[in-house]
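Asker: Please read through the structure below; I'll follow up with questions.
The values are calculated or read from the model by the stated rules, or taken from the named source; none is laboratory data. Only a predicted model underlies this, so the values are computations on that prediction, with no experimental measurement involved. Glycine also receives a Cβ, built like all others from the backbone with ideal geometry; neighbour counts cover every protein chain displayed.
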Amino acid sequence: MTPPVPAVPPAEPHLPVLLTEVLDALAIAPGERHVDGTFGAGGYSRAMALRGASVFAIDQDPDAIAEAQSIIAASDGAIMLVQGNFAEMDALLAEAGIEAVDGVTLDIGVSSMQLDRERRGFAFRFPDAPLDMRMSQSGETAAELLNRIDEGELADILYLYGEERQSRRVARAIVAARPLATTGDLVKAVHRAIGKRPGEKTDPATKTFQAIRIFLNAELDALERGLDAAEAVLRPGGRLAIVTFHSLEDRIVKSFFRARSGQEAGGSRHRPETAQRRAPTFGKPARAVRPGDAELDRNPRARSATLRSAVRTDAPAWNRVGARS
């Protein structure tokens, strides 16, 4: 049996969302192999290891990799952590010589670690932070994107990924405010465009920050590819558990499970429906789960979380979009 991992300290600052519900959905048996595709601060991975699982963990953020070393060492071999994107978990598992797993868990979106660090530029409560927003800390920054992009394309991004109804007005204000360097610069541009009422519960810049972050990190594409990859690596009876935090993500997961369980045709914005009906690769999805009052009291960031899960059948995986040939 896998050696136990030290329990998570009670004062751990980053609380895994819907942890009990995720573990229930995974129904881990000792000796199973599970993938934690979004390691973050390691809360899910440690809980899985405590249940006796061998965990293959993935994270694209170099900070998460560097800061996880004490957790990995304490796990005594129960947790293996690699740097990469969960969208490529099939390739990463193959590189490690692993053919199939008993469970896959994904906690989609920006992590608490990323939100709470000023230098990462994800949160507008740090007005002097560099406008970065890169999850992998590589490639184009949000500032570079906003300072070069066409106004019309920017408006489309804000509308599609932030569901911002005043996207054209906001895009016009952002272009007029160039060059932008800090999160405060972006917030001011949004406020100039659509205003901010005193005492407003949600900052009007929230949708813009969401849209830019999702687009910059190609998060929805990674989610769709990650769902395909999970389908490919799960053995029959394997469990897939996905936690999302807004409607765009949840819509993709819900559509995936409905299509793969045979409840509807399987099209998406990235892949058209196929004329030939294929065998369901998942059983009927479990009812969506959301945080209860007790969890919301402990962790207000959980308020928009939704857990969806389903069990893998023995049918062949559908064609892997974006797979390596």
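Asker: Within segment 223-259, take every residue that is of a type in the set (D, E, K, R) and free of Cβ contacts under 8 Å to residues at least 40 places away in the same chain and give me the one that is farthest from Arg165 (Cα to Cα).
Answerer: The qualifying residue farthest from Arg165 (Cα to Cα) is Arg258.
Asker: Which residue out of Arg120, Arg148, Arg165, Arg178 is crowded, with 19+ Cβ neighbours inside 10 Å, out of contact with any Ser or Thr (no Cβ under 7 Å at 6 or more places or on another chain) and among the basic types (Lys, Arg)?
Answerer: Going through Arg120, Arg148, Arg165, Arg178 in turn, just one is crowded, with 19+ Cβ neighbours inside 10 Å, out of contact with any Ser or Thr (no Cβ under 7 Å at 6 or more places or on another chain) and among the basic types (Lys, Arg): Arg120.
Asker: Further question on the same structure: Please indicate, with yes or no, whether at least one residue in segment 228-241 is among the charged types (D, E, K, R) and out of contact with any strand residue (DSSP E or B) (no Cβ under 9 Å at 6 or more places or on another chain).
Answerer: So far as segment 228-241 goes, yes, one or more of its residues are among the charged types (D, E, K, R) and out of contact with any strand residue (DSSP E or B) (no Cβ under 9 Å at 6 or more places or on another chain).
Asker: For segment 123-145: of the residues being more than 20 Å from Asp63 (Cα to Cα) and touching an Asp or Glu at 6+ places or on another chain (Cβ under 8 Å), which is surrounded by the fewest Cβ atoms within 10 Å (Cβ to Cβ)?
Answerer: Asp128
Asker: Which numbered condition trips up Gly195, out of (1) closer than 16 Å to Thr208 by Cα; (2) buried (at least 17 other Cβ atoms within 10 Å of the Cβ)?
Answerer: (2)
Asker: Right, here's the next one. Would you tally the residues in segment 43-61 being in contact (Cβ under 8 Å) with a residue 60 or more places away in the chain and either part of a helix (DSSP H, G or I) or closer than 21 Å to Asn299 by Cβ (or both)?
Answerer: Looking only at that region, the number is 2.
Asker: Say we look at segment 293-313 and pick out the residues that are under 24 Å from Thr206 (Cα atoms) and part of a loop (DSSP other than H, G, I, E, B); which of these is farthest from the chain's Cα centre (by Cα)?
Answerer: Asn299
Asker: Within segment 74-84, can one find any residue that is in the same structural domain as Gly109 (by TED's automatic domain parsing), within 16 Å of the chain's Cα centre (by Cα) and surrounded by fewer than 18 Cβ atoms within 10 Å (Cβ to Cβ)?
Answerer: Taking every residue of segment 74-84 in turn, at least one turns out to be in the same structural domain as Gly109 (by TED's automatic domain parsing), within 16 Å of the chain's Cα centre (by Cα) and surrounded by fewer than 18 Cβ atoms within 10 Å (Cβ to Cβ).
Asker: Just to check your reading of the model, which residue among Ala25, Ala78 is at pLDDT 95 or above, in contact with a strand residue (DSSP E or B) (Cβ under 8 Å, 6 or more places away or on another chain) and over 23 Å from Ala222 (Cα atoms)?
Answerer: Ala78
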